[in-house]
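The values are calculated or read from the model by the stated rules, or taken from the named source; none is laboratory data. Please read all numbers here as calculations on a predicted model, not as lab measurements. Counting neighbours? That spans all protein chains shown, and the Cβs are built from the backbone with ideal geometry, glycine included.
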Amino acid sequence: MNKDQVKGTAKNVAGKVQQEAGKLTGSKEQQAKGAAKQVAGKAQKSMGDVKEAVKDSTKNR
């Protein structure tokens, strides 16, 4: 596991929390920001997954 995977997962979770908080308070802005943070987190985790796959494939050579 690398830092992008960890940070991406954390960002995704924080986005879910922010989105839910926005739902509870009725804030469309916080819901949108939370959703955007989730997308960014998933993208960062995916980048980390790719880096890890590349690292693993070069290790096996």
When segment 17-26 is checked residue by residue, the ones that are over 16 Å from the mean Cα position of the chain (by Cα) and surrounded by 15 or more Cβ atoms within 10 Å (Cβ to Cβ) are GLY22
Close pairs (8 angstrom Cβ cut-off, 6 or more residues apart or separate chains): at negative phi in segment 49-61, among the hydroxyl-bearing types (Ser, Thr, Tyr) and surrounded by fewer than 10 Cβ atoms within 10 Å (Cβ to Cβ) anywhere | none
In segment 27-60, which residue that is loosely packed, with under 13 Cβ neighbours inside 10 Å and of a type in the set (Gly, Ala, Ser) is modelled with the highest pLDDT?
-> ALA53
May I ask you to verify whether VAL6 is free of Cβ contacts under 8 Å to residues at least 40 places away in the same chain and either over 16 Å from the mean Cα position of the chain (by Cα) or assigned to a helix (DSSP H, G or I) (or both)?
-> no
